[in-house]
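For reference, the structure is listed below as structure tokens.
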Amino acid sequence: MSRKKTPKSKGASAPAASALPAANGSRPARPGTGRPGPQARPNGPPQPDRPSLGGGDFYDVAFKVMLVGDSGVGKTCLLVRFKDGAFLAGTFISTVGIDFRNKVLDVDGMKVKLQIWDTAGQERFRSVTHAYYRDAHALLLLYDVTNKASFDSIQAWLTEIQEYAQHNVVLMLLGNKVDSAQERVVKREDGEKLAKEYGLPFMETSAKTGLNVDLAFTAIAKELKQRSMKAPSEPRFRLHDYVKREGRGASCCTP
Ligand SMILES: Nc1nc2c(ncn2[C@@H]2O[C@H](COP(=O)(O)OP(=O)(O)OP(=O)(O)O)[C@@H](O)[C@H]2O)c(=O)[nH]1
Ligand SMILES: [Mg+2]
């Protein structure tokens, strides 16, 4: 299989031949600044991008993943932890509009590029994010285990996802901030119950310690890769089973 190249997320444009907006991946975009939205596809599910050559890392196939959930649940921190292996402690800077970062993963010998869209959880940016759902191949839906309201919002987020995303989008529920054991108000079992109700894979994560963060993105990449292969030679990848088997408990150990 021939290899494509991906531009670096900072200071580079997204590949021209893909449906990705040409955006600088390092800065939040403001609504109404002219950044083009994702191209609408008239029929069928979104296809993996096969962009043209640019500077940067090689990859075989690319997918778009969106992070959604209430403001403050830790979407930006989760992405920064995954991309840079760091935690954004200190003052909470709420995302404005939408932002993205790229990361190429090696999934069973194939280079899978994830373009990860970090959306603003604040209500006032909702119409901006709606435009991006349609092109998303996967969604990570987050709540904060120390914030009951963010857990209660999950149903509303699912309704929104149903309305705006592709019907076969890969979806995973994440309960973030499990490092904050003292402040926890949403039990693990409550998250599991909700996920079961909606048939979603579920994990608890911590952007602070890194617990299950790489795993969440790797699981998504594996599922998307498998789906994109016309005649997969490997045994069928099962997202639910993988997440259940590989996910660590909050009290388990240092990741
Ligand atoms: N203890 C702990 N704090 C976290 C974790 N993830 C994020 N935070 C903190 O929670 C606050 C909000 O994190 P963000 O990642 O900015 O939240 P967001 O979901 O991107 O919020 P919006 O951009 O407004 O939608 C920040 O102060 C972070 O430091 C985590 O896993 N553990
Ligand atoms: Mg944010």
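The values are calculated or read from the model by the stated rules, or taken from the named source; none is laboratory data. These numbers were taken from a predicted model, which means no experiment stands behind them. Neighbour counts run over all protein chains shown; Cβ positions are idealised from the backbone, glycine included.
For (1) among the aliphatic types (A, V, I, L, M); (2) modelled with pLDDT of 95 or more; (3) in contact with a strand residue (DSSP E or B) (Cβ under 6 Å, 6 or more places away or on another chain), each residue gets a yes or a no:
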position	(1), (2), (3)
Gly90	no, no, no
Ile98	yes, no, yes
Val104	yes, yes, yes
Ser127	no, no, no
Ala131	yes, no, no
Ala136	yes, yes, yes
Leu158	yes, yes, no
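Residue check: is His137 away from ligand 1 (no atom under 15 Å from the Cβ), in contact (Cβ under 8 Å) with a residue 12 or more places away in the chain and buried (at least 19 other Cβ atoms within 10 Å of the Cβ)?
On the way: away from ligand 1 (no atom under 15 Å from the Cβ): yes; in contact (Cβ under 8 Å) with a residue 12 or more places away in the chain: yes; buried (at least 19 other Cβ atoms within 10 Å of the Cβ): yes.
Considered against the rule, which asks whether it is away from ligand 1 (no atom under 15 Å from the Cβ), in contact (Cβ under 8 Å) with a residue 12 or more places away in the chain and buried (at least 19 other Cβ atoms within 10 Å of the Cβ), His137 comes out as yes.
Quick one: in the stretch 206-225, which of the residues that are in contact with a strand residue (DSSP E or B) (Cβ under 9 Å, 6 or more places away or on another chain), farther than 14 Å from Val65 by Cα and of a type in the set (S, T, N, Q) is surrounded by the most Cβ atoms within 10 Å (Cβ to Cβ)?
Applying the filter and picking the extreme gives Asn212.
In the stretch 163-172, is there at least one residue being in contact (Cβ under 8 Å) with a residue 40 or more places away in the chain, buried (at least 20 other Cβ atoms within 10 Å of the Cβ) and not aliphatic (A, V, I, L, M)?
no
Look at Leu200 and say whether it is assigned to a loop (DSSP other than H, G, I, E, B) and closer than 17 Å to Leu139 by Cβ. If you could, list the steps in order and put the result at the bottom.
Numbers: assigned to a loop (DSSP other than H, G, I, E, B): yes; closer than 17 Å to Leu139 by Cβ: yes.
Against the criterion (assigned to a loop (DSSP other than H, G, I, E, B) and closer than 17 Å to Leu139 by Cβ), Leu200 qualifies.
Condition first: away from ligand 2 (no atom under 16 Å from the Cβ) and surrounded by fewer than 20 Cβ atoms within 10 Å (Cβ to Cβ). Now tell me which residues in the stretch 112-132 satisfy that. Working first, answer last.
Going through the stretch 112-132, the residues away from ligand 2 (no atom under 16 Å from the Cβ) turn out to be 112-115, 127, 130-131.
Selection gives Ser127, His130, Ala131.
Counting only residues that are assigned to a helix (DSSP H, G or I) and in contact with a helix residue (DSSP H, G or I) (Cβ under 9 Å, 6 or more places away or on another chain), which one in the stretch 237-247 is surrounded by the fewest Cβ atoms within 10 Å (Cβ to Cβ)?
Going through the stretch 237-247, the residues assigned to a helix (DSSP H, G or I) turn out to be 239-246.
Narrowing the set further to residues that are in contact with a helix residue (DSSP H, G or I) (Cβ under 9 Å, 6 or more places away or on another chain) leaves 239, 242-243, 246.
On the way: Leu239: 20, Tyr242: 16, Val243: 22, Glu246: 13.
Taking the candidates together, the pick is Glu246.
Look at Glu234 and say whether it is more than 16 Å from ligand 2 (Cβ to nearest atom), among the acidic types (Asp, Glu) and in contact with a helix residue (DSSP H, G or I) (Cβ under 9 Å, 6 or more places away or on another chain).
Values: more than 16 Å from ligand 2 (Cβ to nearest atom): yes; among the acidic types (Asp, Glu): yes; in contact with a helix residue (DSSP H, G or I) (Cβ under 9 Å, 6 or more places away or on another chain): yes.
Answer is yes for this residue.
Residues that are more than 8 Å from ligand 1 (Cβ to nearest atom), in contact with a Lys or Arg (Cβ under 7 Å, 6 or more places away or on another chain) and aliphatic (A, V, I, L, M): find the strands (runs of 3 or more DSSP E) completely inside the stretch 51-120 holding 3 or more of those. Reasoning before the result, please.
Details: elements: 57-59, 61-69, 98-107, 110-119.
Where strands (runs of 3 or more DSSP E) fall fully within the stretch 51-120 and carry at least 3 residues being more than 8 Å from ligand 1 (Cβ to nearest atom), in contact with a Lys or Arg (Cβ under 7 Å, 6 or more places away or on another chain) and aliphatic (A, V, I, L, M), they are 110-119.
Using the structure shown, decide if Leu194 is under 18 Å from Thr119 (Cα atoms) and out of contact with any His (no Cβ under 6 Å at 6 or more places or on another chain). So that I can check it myself, show each step before the final result.
On the way: under 18 Å from Thr119 (Cα atoms): no; out of contact with any His (no Cβ under 6 Å at 6 or more places or on another chain): yes.
Taking the combined requirement at face value, the residue does not satisfy it.
Scan the stretch 147-160 residue by residue and report those that are crowded, with 21+ Cβ neighbours inside 10 Å and β-branched (Val, Ile, Thr).
Within the stretch 147-160, Ile154 is the sole residue that qualifies.
Go through (1) more than 23 Å from Gly247 (Cβ to Cβ); (2) assigned to a helix (DSSP H, G or I) and name the single condition His167 misses.
Every condition holds for His167 apart from (2).
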